[in-house]
Structures are given as C-alpha cells and as structure tokens.
Amino acid sequence: AVLVESLLVFAVVLSVHAVVWDRFSWCAVALAVQAFYAQFKWDRLLQQGGAVFQFRGAANSGLLPASMVIPLLGVVMKERCRAAGIVYFERFGVVVASTGMLLALFLSVLAVGITKPVPTNTCIVTGVAGSVIIYTMKHSLTVSEVIEVLEVLLIFVYLSMILLYLLPRCFTPGEALLVLGGVSFVLNQLIKRSLNVIEGRGDPIDFFLLVAVVGVVLLGLFFTVLFIFMDSGTWISSMFFHMMTAVLGLGVIMPWLYRLIQRNPLFWLLQFLFQTQTRLYLLVYWTFLAASACGVVFYQNAKRSSESKKHQASTITRKYFHFIVVATYVPGLIYDRQLLYVAAVLCLAVFIFLEYVRYFRIKPFGQTLRHLLSLFLDERDSGPLILTHIYLLLGMSLPVWLFPRSCAPRGTLPGAGALVPYSGVLAVGVGDTIASVFGSTMGEIKWPGTKKTFEGTMTAIFAQIIAVALILIFDSSVNLNSSYAWILASVSLVSLLEAYTTQIDNLLLPLYLQIMLMA
C-alpha cells in the first residue's frame with residue numbers, strides 16, 4: 001500500500017514537472033526521491049517506538065505525500081503568476097516552494113539522524129537532493145527571501161517541539177509537516193506584513209485569515225501553558241478562560257487587525273457580511289444548514305442514549321456532514337466567493353475555540369461537548385484532540401484561501417484551473433463521500449493491501465465527473481477550454497490516492513487535486 005501511494009505521488013510530481021519544466025520542478029523530483037527513502041526510515045522508527053515524539057498510530061509516516069504538497073503548490077503558483085505577469089506573486093511562489101522543500105529536508109535529516117545504524121544509502125540520497133535544492137535556492141532567491149525561508153524553518157522547529165510534546169498521538173510526521181509548516185508560514189507572513197504596513201496595500205480578507213489563524217494558535221498555547229499549573233475543570237478556571245479570551249481578543253487580536261486593515265475590524269466585518277442582499281440570503285441559508293448539522297449530532301446522541309449497547313456513528317452517518325458541507329460551499333462558490341472566504345475563516349476560529357472548550361473541560365459546555373462528539377470518533381482521533389471535523393473544514397476551505405486571485409484575470413484561471421476553488425468540493429465533498437458510502441455498502445473487490453474497494457473508487461471518479469458537468473452548467477465563470485483529459489486524469493489520480501493513503505484524506509486530497517488543476 002505504501003509503495004502504491006508513493007507511485008501515485010510520483011505520478012503527480014512528474015505530471016507537474018512535465019508541464020512546468022524548470023529548475024524548481026527538477027528540485028521537486030529530487031525531493032520526492034529522497035523523501036521516498038526517508039519515509040521508510042520514519043516508518044521503521046514509528047514501528048520500533050524510536051521516534052522523538054509520540055505520533056498517531058495505525059498509519060505510516062506519510063512523509064512523501066506531505067513533503068510534496070507545499071513545494072508543488074509553490075511551483076504551480078509561481079508558474080500561474082509568471083504567465084499572468086504578476087512578478088510579486090511569482091516571487092511569492094518561489095518562496096513557498098523553497099520553504100516547503102527546506103521543511104521536508106529538515107524532517108528527512110531528522111529521521112536519518114536518529115536511525116541506528118546510520119542508513120548509508122538514504123544519507124547519500126538526502127545529501128545529493130539537499131545539495132541540488134540548496135544550490136538552486138542560492139541562485140534563485142534574494143537575500144531577503146533566504147532570510148524569510150530560514151525564519152519559517154526556525155518557527156517550525158520551535159512550534160514542532162512545543163506542540164508535538166503537548167499533543168501526543170495527534171499527528172503523523174507527514175501531518176505535522178503539513179499543519180505546523182502551514183501555521184509557521186502564516187505566522188511569518190503576519191509578522192512580515194505587520195512590520196511593513198502600507199495603507200491600501202493588501203486585501204483585508206487576507207489579513208483577516210492571517211490574524212484569525214495566528215490568534216487561535218496563540219490562544220491555545222497560552223491556555224495550555226496556564227493549565228499546567230491549575231485545574232482547568234473548575235468554575236474559577238472556566239471564568240478565567242472566558243475572561244482572558246475576551247482580553248486577548250479585544251486587547252491583542254483586534255488592535256493587530258486594526259493596524260493591518262486601517263479600520264475598525266468589527267465595523268468592517270459587519271459591513272462586509274451585510275453588504276448585498278445575496279450575502280444576506282446566503283447567511284440565512286448557512287445558518288439553517290448549521291442548525292441541521294447540530295440536529296444530526298443531537299439526534300444521533302439521543303439514539304445512543306436509548307440503546308443499551310455501546311453505539312458508535314457509522315461511516316454513512318459521518319458522511320451526512322460531508323453532504324451538508326457540500327451544500328454549504330457550492331452556493332458560496334457560485335454566488336459570492338469572498339463571503340465564503342470570510343465565513344470559512346470565522347467557522348475555523350469557532351471550531352478551534354470549541355475544541356479548546358472541550359479539551360480543557362471549560363464550564364458550562366466542556367463536558368457536554370466531550371459527550372456529544374465522542375460518538376463521532378474514529379481511529380484517526382487517537383490523541384487528546386478531536387481534529388477530523390477541523391480537517392474537513394480545512395480541506396474544503398484551503399482551495400478557496402490559496403486560490404491566487406491576483407494572478408487570475410477576471411477572477412478565474414483558464415482551463416482546468418477554473419475548477420481550483422472547487423477542489424475541496426470535488427475531492428472530499430463528492431469523491432471521498434461517494435467512495436465511502438458505495439464502498440461500505442456495495443463494495444466487494446478490495447484494492448490490494450487496503451480496506452478500500454474498487455467499486456468505491458470507480459463510483460467516486462464517476463461522481464466527480466458528473467459534479468464537474470454540473471459546475472459547468474450552474475457556474476458561468478467556469479470555462480474548461482477542452483482540458484477534459486487532464487481533469488479526468490487528475491480526478492482519477494486523487495481518487496486512487498484516497499484508496500491507498502493512511503493520512504488524513506480530508507486534508508491531503510483537496511491539496512493534491514488543487515495542484516493538478518493549477519498545473
């Protein structure tokens with residue numbers, strides 16, 4: 001299964017390389033080869049219990065698929081912005097690609113360093129790939145860009161040491177690279193933009209995303225350290241939690257956002273949300289869907305209470321939320337993508353805040369949330385945090401957040417790139433959902449080495465093709481320019497990756513589909 005997963009990732013890397021064909025795509029190929037070797041060292045360390053931290057069990061390290069996401073995103077973003085003639089974002093793509101490669105190299109070197117006896121072949125491959133990448137960076141990056149890449153690496157090292165120690169069994173090495181690497185990059189971008197504020201420069205919704213992500217992460221770190229010294233489950237601690245959240249929100253996050261957007265954040269947000277009648281209709285519709293999702297949670301818990309035996313939500317029951325998320329995102333993508341962007345940021349902040357309340361047992365809702373959400377746990381929630389619903393939101397939102405709006409004429413990319421914002425809907429909302437439902441109910445032929453079925457994968461590919469046809473009908477901004485073969489190949493590769501990967505598919509699949517469609 002690991003070999004097939006690796007072959008699929010190599011197919012994506014080579015596809016991008018064939019389209020881009022520059023020094024950075026060659027570096028991506030070299031990185032993929034060395035990550036393939038280093039992945040087996042991580043897998044052995046996890047099996048023997050020799051890894052530095054406690055990682056999530058029942059999964060391989062996932063180093064190869066995770067290592068290629070950020071570099072490939074940077075490479076395809078650079079190419080799109082170069083074609084559009086936007087030099088600033090072309091350089092930004094170069095920085096993203098270089099940062100991703102350096103973070104992946106760091107994890108590989110770490111695995112090689114703690115493996116005993118020292119793996120000679122892996123050392124040679126890592127050394128050659130590292131030399132190629134560093135040589136390319138030396139001749140491609142300016143001094144300020146090199147400093148920026150090193151800053152992200154430094155933040156990543158410290159953030160990994162803190163969070164992987166505090167949150168055992170929540171991530172595989174690959175998932176840690178993706179999540180903590182992304183947070184490190186966002187934090188560095190926020191610091192950089194805060195120090196170089198130019199009035200009227202930058203979109204307020206981008207600043208809103210940066211501040212929201214960094215704000216909730218800093219909030220979590222603050223309370224994690226605080227509750228080492230006091231019991232978080234008492235009423236006094238709970239009152240202190242709510243009070244300090246308000247202080248940090250109003251005293252730190254709001255002024256920070258005010259400095260970036262040069263206006264009152266609350267007034268700006270209210271004005272933005274209710275700017276048009278379409279936005280009002282969308283907000284009412286989304287409120288109804290949120291209430292429906294809460295209704296599913298309460299109904300399933302009432303069903304569990306009425307049964308004598310231990311009841312756990314089935315796969316099909318968990319996929320209800322995928323259907324609700326698709327119904328949420330599709331109208332937003334068609335009618336108002338900026339509103340969807342901001343609403344997804346707000347939703348992410350609320351989800352993470354509620355997870356803090358559940359994790360720290362904050363009164364009055366902490367224990368209730370623990371009871372309600374325990375019904376929907378699966379084998380991937382083996383650590384102290386419940387992250388699958390947050391990963392689902394991220395998988396749907398990241399293609400919207402990472403869409404290079406400045407490099408897209410008339411708000412959309414030509415050809416298959418027009419489907420980039422729909423990557424989460426196609427890969428997770430349609431593909432993963434249909435594969436799980438049909439595979440678990442009608443699947444009989446299993447893919448070798450996995451529990452996933454041939455029928456589920458084929459149905460998922462077919463469903464995504466139908467979804468693309470429906471998008472063409474209902475979204476007039478999408479014009480594929482006869483790139484149907486590339487779309488079919490992209491959907492098929494990602495659906496096969498869903499069958500073979502043991503990583504969090506809600507997070508990984510949309511990013512790979514976005515890379516393929518942007519290429």
Self-check item: Selection status of Leu226, more than 23 Å from Tyr329 (Cβ to Cβ) and among the aliphatic types (A, V, I, L, M)
Solution: yes
Quiz prompt | Pick from segment 245-269, criterion aliphatic (A, V, I, L, M) and closer than 13 Å to Phe208 by Cβ, ranking: most open to solvent (accessible area, probe 1.4 Å) | solution = Leu266
Quiz prompt | Failed criterion for Leu369 (all others in (1) within 21 Å of Ser495 (Cα to Cα); (2) without any contact (Cβ under 8 Å) to a residue 60 or more places away in the chain hold) | solution = (1)
Quiz item: Among all residue pairs at least 6 apart or on different chains, which show Cβ distances below 6 Å where the first residue, located in segment 22-48, is farther than 12 Å from Leu72 by Cα and the second is open to solvent by 50 Å² or more (accessible area, probe 1.4 Å)?
Solution: Ala30/Val132
Exercise. Being assigned to a loop (DSSP other than H, G, I, E, B) and among the polar types (S, T, N, Q) is the filter here, so list the residues in segment 32-56 that pass it.
Key: Gln54
Practice problem: Quickly run through segment 379-407 and pick out the residues that are open to solvent by less than 10 Å² (accessible area, probe 1.4 Å) and small (Gly, Ala, Ser). | Solution: Gly395, Ser397
Self-check item: Check on Tyr320, surrounded by 16 or more Cβ atoms within 10 Å (Cβ to Cβ), among the hydroxyl-bearing types (Ser, Thr, Tyr), closer than 27 Å to Leu513 by Cα and over 19 Å from the mean Cα position of the chain (by Cα)
Solution: yes
Practice problem: Please work out which one of (1) over 30 Å from Glu379 (Cβ atoms); (2) more than 24 Å from the chain's Cα centre (by Cα); (3) buried (at least 17 other Cβ atoms within 10 Å of the Cβ) is the condition Lys78 fails and give its number. | Solution: (2)
Quiz prompt | segment 51-84, residues that are touching a residue at least 40 places away in the same chain (Cβ under 8 Å), farther than 21 Å from Gln503 by Cβ and not hydrophobic (A, V, I, L, M, F, W, C) | solution = Lys78, Glu79, Arg80
Exercise. Considering each of Gly429, Gly456 in turn, give the residue that is small (Gly, Ala, Ser), more than 20 Å from Met516 (Cβ to Cβ) and in contact with a helix residue (DSSP H, G or I) (Cβ under 8 Å, 6 or more places away or on another chain).
Key: Gly456
Practice problem: Having 1 or more residues that are polar (S, T, N, Q) and touching a His at 6+ places or on another chain (Cβ under 8 Å) is the bar; report the helices (runs of 4 or more DSSP H) wholly within segment 277-383 that clear it. | Solution: 277-306
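Looking at Ser423, Ser436, Ser477, which is the one that is open to solvent by 10 Å² or more (accessible area, probe 1.4 Å), of a type outside the set (A, V, I, L, M), in a helix (DSSP H, G or I) and in contact (Cβ under 8 Å) with a residue 24 or more places away in the chain?
So the residue among Ser423, Ser436, Ser477 that is open to solvent by 10 Å² or more (accessible area, probe 1.4 Å), of a type outside the set (A, V, I, L, M), in a helix (DSSP H, G or I) and in contact (Cβ under 8 Å) with a residue 24 or more places away in the chain is Ser436.
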Quiz item: Assuming Phe454 fulfils every condition listed in (1) of a type in the set (Phe, Trp, Tyr); (2) over 25 Å from Val211 (Cβ atoms); (3) buried (at least 19 other Cβ atoms within 10 Å of the Cβ) apart from one, which condition is it?
Solution: (3)
Exercise. Would you point out which residue out of Val132, Val143, Val186, Val152 is of a type outside the set (D, E, K, R) and free of Cβ contacts under 8 Å to residues at least 24 places away in the same chain?
Key: Val143
Quiz item: Which residue pairs have Cβ atoms under 8 Å apart, sit 6 or more places apart or on different chains, and have a first residue in segment 390-417 that is under 19 Å from Phe207 (Cβ atoms) and assigned to a loop (DSSP other than H, G, I, E, B) and a second that is open to solvent by less than 10 Å² (accessible area, probe 1.4 Å) and at pLDDT below 85?
Solution: Pro404/Leu413
Quiz item: Just checking, which of Ala11, Ala32, Ala59, Ala28 is over 22 Å from Ala129 (Cα atoms) and under 23 Å from the mean Cα position of the chain (by Cα)?
Solution: Ala59
Quiz item: Looking only at residues in segment 114-124 that are assigned to a helix (DSSP H, G or I) and in contact (Cβ under 8 Å) with a residue 40 or more places away in the chain, which one is farthest from Ala51 (Cα to Cα)?
Solution: Asn121
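The values are calculated or read from the model by the stated rules, or taken from the named source; none is laboratory data. Computed from a predicted structure; not experimentally measured. All Cβ positions, even for glycine, are placed from backbone atoms using ideal geometry, and neighbour counts span all protein chains on display. To get the accessible areas, we keep the full protein, side chains included, count just its heavy atoms, and leave off ligands, DNA and RNA. Shrake-Rupley method; radii C 1.70, N 1.55, O 1.52, S 1.80 Å.
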